[in-house]
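Heads up: the structure comes next, in C-alpha coordinates.
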Amino acid sequence: KGDNFIVRQRDSSIFLIDFGFAMEVPPEMGYGCSDFCGTPIYSAPEIAQSLPYNPFKSDAWSVGLILWSIVFACLPLQHEDELQTMTGPLEIPPCHDIIHFCLTSLLCIDPHVRLTVSELHAKLQIAHAALLVHKDEASSPAPVSPVSRQLSRCDVEMVESLGFPPSLVQEALYCRSN
(Lines give C-alpha, C1' and ligand atoms only; values in the text may rest on other atoms or scores of the structure.)
Protein backbone atom coordinates (compact mmCIF):
# COMPACT_ATOMS: atom_id res chain seq x y z
CA LYS A 1 0.00 0.00 0.00
CA GLY A 2 1.06 3.60 -0.46
CA ASP A 3 1.78 4.00 3.26
CA ASN A 4 4.71 1.60 2.79
CA PHE A 5 6.64 3.91 0.45
CA ILE A 6 8.74 6.91 1.29
CA VAL A 7 10.37 9.44 -1.02
CA ARG A 8 13.75 11.01 -0.26
CA GLN A 9 13.35 14.71 -1.02
CA ARG A 10 16.89 15.51 -2.17
CA ASP A 11 16.78 13.14 -5.17
CA SER A 12 13.19 11.80 -5.26
CA SER A 13 14.39 8.22 -4.65
CA ILE A 14 11.54 5.91 -3.66
CA PHE A 15 12.00 3.34 -0.91
CA LEU A 16 9.77 0.44 0.07
CA ILE A 17 9.48 0.11 3.85
CA ASP A 18 7.69 -2.15 6.34
CA PHE A 19 8.75 -5.71 5.69
CA GLY A 20 7.03 -6.99 8.84
CA PHE A 21 5.23 -9.87 7.10
CA ALA A 22 7.78 -10.42 4.31
CA MET A 23 9.05 -13.90 3.58
CA GLU A 24 11.35 -15.45 1.04
CA VAL A 25 9.45 -17.55 -1.47
CA PRO A 26 11.16 -19.85 -3.98
CA PRO A 27 10.03 -19.12 -7.58
CA GLU A 28 8.95 -22.74 -8.06
CA MET A 29 6.39 -22.47 -5.25
CA GLY A 30 3.60 -21.75 -7.73
CA TYR A 31 0.10 -21.71 -6.26
CA GLY A 32 1.00 -23.26 -2.92
CA CYS A 33 0.39 -20.34 -0.56
CA SER A 34 -2.64 -20.22 1.65
CA ASP A 35 -1.66 -17.89 4.51
CA PHE A 36 -2.66 -14.27 4.32
CA CYS A 37 -1.33 -11.25 6.12
CA GLY A 38 -1.52 -7.65 5.02
CA THR A 39 -4.13 -5.04 4.22
CA PRO A 40 -7.28 -6.81 2.94
CA ILE A 41 -8.27 -4.13 0.40
CA TYR A 42 -4.91 -4.66 -1.36
CA SER A 43 -5.27 -8.45 -1.52
CA ALA A 44 -5.85 -10.24 -4.81
CA PRO A 45 -9.30 -11.73 -5.54
CA GLU A 46 -8.04 -15.30 -5.08
CA ILE A 47 -6.86 -14.43 -1.56
CA ALA A 48 -10.20 -12.79 -0.73
CA GLN A 49 -11.88 -16.02 -1.89
CA SER A 50 -9.56 -18.11 0.35
CA LEU A 51 -8.09 -19.97 -2.63
CA PRO A 52 -4.48 -21.18 -2.82
CA TYR A 53 -2.47 -18.46 -4.51
CA ASN A 54 0.81 -17.68 -6.22
CA PRO A 55 2.54 -14.97 -4.15
CA PHE A 56 4.15 -13.41 -7.22
CA LYS A 57 0.77 -13.08 -8.96
CA SER A 58 -0.95 -11.74 -5.84
CA ASP A 59 1.85 -9.21 -5.28
CA ALA A 60 1.34 -8.07 -8.89
CA TRP A 61 -2.31 -7.33 -8.06
CA SER A 62 -1.19 -5.19 -5.11
CA VAL A 63 1.32 -3.32 -7.27
CA GLY A 64 -1.47 -2.70 -9.80
CA LEU A 65 -3.62 -1.20 -7.04
CA ILE A 66 -0.75 1.05 -5.97
CA LEU A 67 -0.30 2.21 -9.58
CA TRP A 68 -4.06 2.82 -9.81
CA SER A 69 -4.00 4.91 -6.63
CA ILE A 70 -1.07 6.97 -7.92
CA VAL A 71 -2.72 7.63 -11.28
CA PHE A 72 -6.33 8.16 -10.18
CA ALA A 73 -5.89 9.24 -6.51
CA CYS A 74 -8.26 6.52 -5.27
CA LEU A 75 -8.64 2.76 -5.23
CA PRO A 76 -10.90 0.95 -7.73
CA LEU A 77 -12.69 -0.89 -4.91
CA GLN A 78 -13.77 0.63 -1.62
CA HIS A 79 -14.39 -2.55 0.41
CA GLU A 80 -12.56 -5.87 0.45
CA ASP A 81 -15.97 -7.63 0.19
CA GLU A 82 -16.09 -6.46 -3.43
CA LEU A 83 -13.09 -8.72 -4.19
CA GLN A 84 -15.09 -11.84 -3.34
CA THR A 85 -17.86 -11.06 -5.81
CA MET A 86 -15.85 -9.76 -8.78
CA THR A 87 -16.87 -11.47 -12.00
CA GLY A 88 -15.37 -9.24 -14.65
CA PRO A 89 -12.43 -6.94 -15.22
CA LEU A 90 -12.09 -3.61 -13.47
CA GLU A 91 -13.26 -0.70 -15.58
CA ILE A 92 -10.15 1.42 -16.07
CA PRO A 93 -10.80 5.16 -16.48
CA PRO A 94 -9.25 6.92 -19.47
CA CYS A 95 -5.47 7.13 -19.16
CA HIS A 96 -2.31 6.88 -21.24
CA ASP A 97 -2.01 3.62 -23.20
CA ILE A 98 1.09 2.43 -21.33
CA ILE A 99 -0.64 2.97 -17.97
CA HIS A 100 -3.71 1.14 -19.28
CA PHE A 101 -1.52 -1.74 -20.46
CA CYS A 102 0.20 -2.01 -17.07
CA LEU A 103 -3.08 -1.85 -15.13
CA THR A 104 -4.72 -4.44 -17.40
CA SER A 105 -1.73 -6.75 -17.02
CA LEU A 106 -1.47 -6.42 -13.22
CA LEU A 107 -5.17 -6.25 -12.33
CA CYS A 108 -6.37 -9.27 -14.28
CA ILE A 109 -8.88 -11.20 -12.14
CA ASP A 110 -7.62 -14.59 -13.39
CA PRO A 111 -4.26 -15.13 -11.66
CA HIS A 112 -3.22 -17.63 -14.35
CA VAL A 113 -3.42 -14.82 -16.94
CA ARG A 114 -2.19 -11.98 -14.68
CA LEU A 115 1.43 -11.00 -15.27
CA THR A 116 3.89 -10.95 -12.41
CA VAL A 117 5.82 -7.72 -11.90
CA SER A 118 8.91 -9.43 -13.38
CA GLU A 119 6.97 -10.54 -16.47
CA LEU A 120 5.57 -7.05 -17.00
CA HIS A 121 9.04 -5.55 -16.57
CA ALA A 122 10.46 -7.98 -19.15
CA LYS A 123 7.73 -7.09 -21.67
CA LEU A 124 8.36 -3.39 -21.16
CA GLN A 125 12.12 -3.86 -21.62
CA ILE A 126 11.67 -5.90 -24.81
CA ALA A 127 9.28 -3.31 -26.22
CA HIS A 128 11.65 -0.48 -25.30
CA ALA A 129 14.62 -2.26 -26.91
CA ALA A 130 12.69 -2.98 -30.11
CA LEU A 131 11.57 0.63 -30.36
CA LEU A 132 15.14 1.85 -29.80
CA VAL A 133 16.36 -0.37 -32.66
CA HIS A 134 13.70 1.16 -34.88
CA LYS A 135 14.70 4.69 -33.77
CA ASP A 136 18.36 4.01 -34.59
CA GLU A 137 17.40 2.78 -38.06
CA ALA A 138 15.09 5.76 -38.63
CA SER A 139 17.73 8.31 -37.64
CA SER A 140 20.52 6.67 -39.63
CA PRO A 141 21.96 9.07 -42.28
CA ALA A 142 22.71 6.13 -44.58
CA PRO A 143 19.89 4.75 -46.72
CA VAL A 144 18.05 1.96 -44.96
CA SER A 145 18.12 -1.31 -46.84
CA PRO A 146 14.87 -3.21 -47.50
CA VAL A 147 16.12 -5.91 -45.10
CA SER A 148 16.51 -3.30 -42.32
CA ARG A 149 13.03 -1.94 -43.04
CA GLN A 150 11.65 -5.45 -42.86
CA LEU A 151 13.43 -6.06 -39.53
CA SER A 152 12.00 -2.81 -38.20
CA ARG A 153 8.49 -3.88 -39.16
CA CYS A 154 9.17 -7.25 -37.52
CA ASP A 155 10.23 -5.42 -34.36
CA VAL A 156 7.02 -3.40 -34.40
CA GLU A 157 4.92 -6.52 -34.96
CA MET A 158 6.77 -8.28 -32.13
CA VAL A 159 6.04 -5.41 -29.74
CA GLU A 160 2.38 -5.48 -30.75
CA SER A 161 2.31 -9.27 -30.26
CA LEU A 162 3.38 -8.72 -26.63
CA GLY A 163 0.00 -7.10 -26.09
CA PHE A 164 0.89 -3.44 -26.52
CA PRO A 165 -1.85 -1.51 -28.32
CA PRO A 166 -0.88 -0.47 -31.88
CA SER A 167 -1.59 3.17 -30.99
CA LEU A 168 1.00 3.04 -28.19
CA VAL A 169 3.62 1.50 -30.49
CA GLN A 170 2.93 4.13 -33.15
CA GLU A 171 3.10 6.94 -30.59
CA ALA A 172 6.41 5.63 -29.21
CA LEU A 173 7.88 5.38 -32.71
CA TYR A 174 6.69 8.88 -33.57
CA CYS A 175 8.17 10.36 -30.37
CA ARG A 176 11.49 8.58 -30.86
CA SER A 177 11.87 9.62 -34.50
CA ASN A 178 11.44 13.34 -33.74
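Of the trypsin sites (Lys or Arg not before Pro) found in the range 1-57, those that fall in a DSSP loop while having at most 15 other beta-carbon atoms within 10 Å are LYS1, ARG10. Among rounded, prolate and oblate, which fits the range 41-80 when a ≥ b ≥ c are the square roots of the eigenvalues of its C-alpha gyration tensor, a/c under 1.5 means rounded, and a/b larger than b/c means prolate? It is oblate, given that a/c is not under 1.5 and a/b is not larger than b/c. The residues of the range 1-139 present an accessible area of 62 Å² per residue when probed at 1.4 Å with all protein chains retained. Annotation: amide H-H contacts under 5 Å for PHE5 (H modelled 1.01 Å from N, sequence separation of 5 or more, or interchain): ILE17.
Calculated FRET efficiency, THR39 to VAL71, Cβ-Cβ distance, R0 = 30 Å: about 0.95 to the nearest 0.05.
Of the GluC sites (Glu not before Pro) found in the range 54-120, the ones in coil according to DSSP and having at most 16 other Cβ atoms within 10 Å of their Cβ are GLU80, GLU91. Coupling constants for the range 65-75 follow from the phi torsions by the Karplus curve (6.51 cos²θ - 1.76 cosθ + 1.60, θ = phi - 60°), and in residue order they are 5, 5, 4, 4, 5, 5, 6, 10, 6, 6, 9 Hz; glycine and proline get x.
Close amide-amide hydrogen proximity is noted between CYS33 and TYR53, each under 5 Å apart and 5 or more residues distant or on a separate chain (H modeled in the peptide plane; Pro and chain starts excluded).
Within the shell defined by Cβ-Cβ distances under 11 Å, the residues around PRO45 carry a net charge of -2, with Lys and Arg each +1 and Asp and Glu each -1. Give a residue-ordered list of calculated ³J(HN,Hα) values for the range 76-86 (Karplus: 6.51 cos²θ - 1.76 cosθ + 1.60, θ = phi - 60°; whole Hz; x for Gly, Pro). For the range 76-86, the Karplus-derived couplings read x, 10, 9, 9, 5, 4, 5, 5, 6, 10, 5 Hz, x marking Gly and Pro. For LYS1, the shell of other residues with beta-carbons less than 15 Å away shows a net charge of -4, using +1 for Lys and Arg and -1 for Asp and Glu. Extension gain, ARG8-GLU28: 0.36 nm per intervening residue step, less the Cα-Cα distance, totals 3.7 nm.
Computed 3J(HN,Hα) for the range 90-102, one whole-Hz value per residue from the Karplus formula 6.51 cos²θ - 1.76 cosθ + 1.60 where θ = phi - 60°, is 5, 8, 8, x, x, 7, 4, 4, 5, 5, 4, 4, 5, glycine and proline marked x. Placing dummy labels 7 Å off each Cα toward the beta-carbon, the span from LEU90 to GLN49 is 1.7 nm. Rounded if a/c is under 1.5, else prolate if a/b is larger than b/c, else oblate: which is the range 1-100, with a ≥ b ≥ c the root eigenvalues of its Cα gyration tensor? Oblate, because a/c is 1.5 or more while a/b does not exceed b/c.
The values are calculated or read from the model by the stated rules, or taken from the named source; none is laboratory data. In this text the structure is predicted, and so the values were computed from the model without any measurement. Neighbour counts run over all protein chains shown; Cβ positions are idealised from the backbone, glycine included. With ligands, DNA and RNA removed, areas are computed over all heavy atoms of the protein, side chains included. Shrake-Rupley method; radii C 1.70, N 1.55, O 1.52, S 1.80 Å.
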